[in-house]
Amino acid sequence: MKDYTFLIDKAKEAKKFSYAPYSNFNVGAALLASSGKVYFGCNVENSSYGLTICAERVAFFKAISDGEREFEAIAIVSDGDDCMPCGACRQIMAEFCSPDFVVVLENKTFTLGELLPHAFEL
Ligand code: THU
């Protein structure tokens, strides 16, 4: 598989902007669109906890709202061990990406098909 170390480095850059005063759990994501452009995302928390949004979804929504519709890979980093994307983020990925979309963590790489088999779709 292709070397996505560069994308992990970009996710580390994105993590610097994490706004996580409630959990103190900083997450960064870097989403590689098929256009070649990389979109950064970080988690953004809120005092009304449920309004918090994950780094991955921020990256996706930035890209989608810029007109991107095809994606190759996303890298995700946190302060701790490999940060597995939550179920909500996996479903957002499935909306726009095929099962061979690559999810790159610092120590392991998955395909979206491995992380969300039998995804719901209309
Ligand atoms: N978080 C992410 O940004 N991405 C994940 O994949 C898992 C969790 C954030 C949400 C919240 O700000 C903090 O991590 C703790 O759950």
| remark: Regression test value, accessible area per residue of segment 5-115, probe 1.4 Å, units Å², expected 50
| task | Among the lysines, select those whose C-alpha is under 16 Å from the C-alpha of Lys15, and discard any that sit fewer than 8 residues away in the same chain. | result | Lys62
| query | Under a 5 Å amide H to amide H cut-off, with H placed in plane at 1.01 Å, what residues pair with Thr109 once short-range neighbours are removed? | reply | none
| note | Expressed as a whole-number percentage, the relative contact order of the chain with C-alpha contacts under 8 angstrom and at least six residues apart is 22
| said: Tell me the relative contact order for segment 81-122 as a rounded percent, counting alpha carbon contacts under 8 Å between residues six or more apart. | reply: 39
| request: Give me the percent of the accessible area of segment 2-122 that comes from carbon and sulfur atoms, probe 1.4 Å, all protein chains in place. | output: 53
| query | Residue-wise, which Karplus ³J(HN,Hα) couplings in Hz belong to segment 8-20, taking 6.51 cos²θ - 1.76 cosθ + 1.60, θ = phi - 60°, and x for glycine or proline? | reply | 4, 4, 6, 5, 5, 5, 5, 4, 4, 9, 3, 10, 9
| Dividing the Cα radius of gyration by the Kirkwood radius, what Rg/Rh value follows for the chain? | 0.94
| task | Among DSSP beta bridges whose residues both lie in segment 5-115, state the antiparallel percentage, nearest 5. | result | 80
| What value, in deg cm²/dmol to 500, does the helix sum -39500 (n - 2.57) over DSSP H runs of n ≥ 4 give at 222 nm once divided by the residues of the chain? | -8500 deg cm²/dmol
| the chain: angle of helix 87-96 to the longest principal axis, Cα-based, in degrees nearest 10 | 40
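The values are calculated or read from the model by the stated rules, or taken from the named source; none is laboratory data. Keep in mind the model is a prediction, meaning the values are calculated, not measured. These area figures cover heavy atoms from the full protein model, side chains too; ligands, DNA and RNA do not enter into them. Shrake-Rupley method; radii C 1.70, N 1.55, O 1.52, S 1.80 Å.
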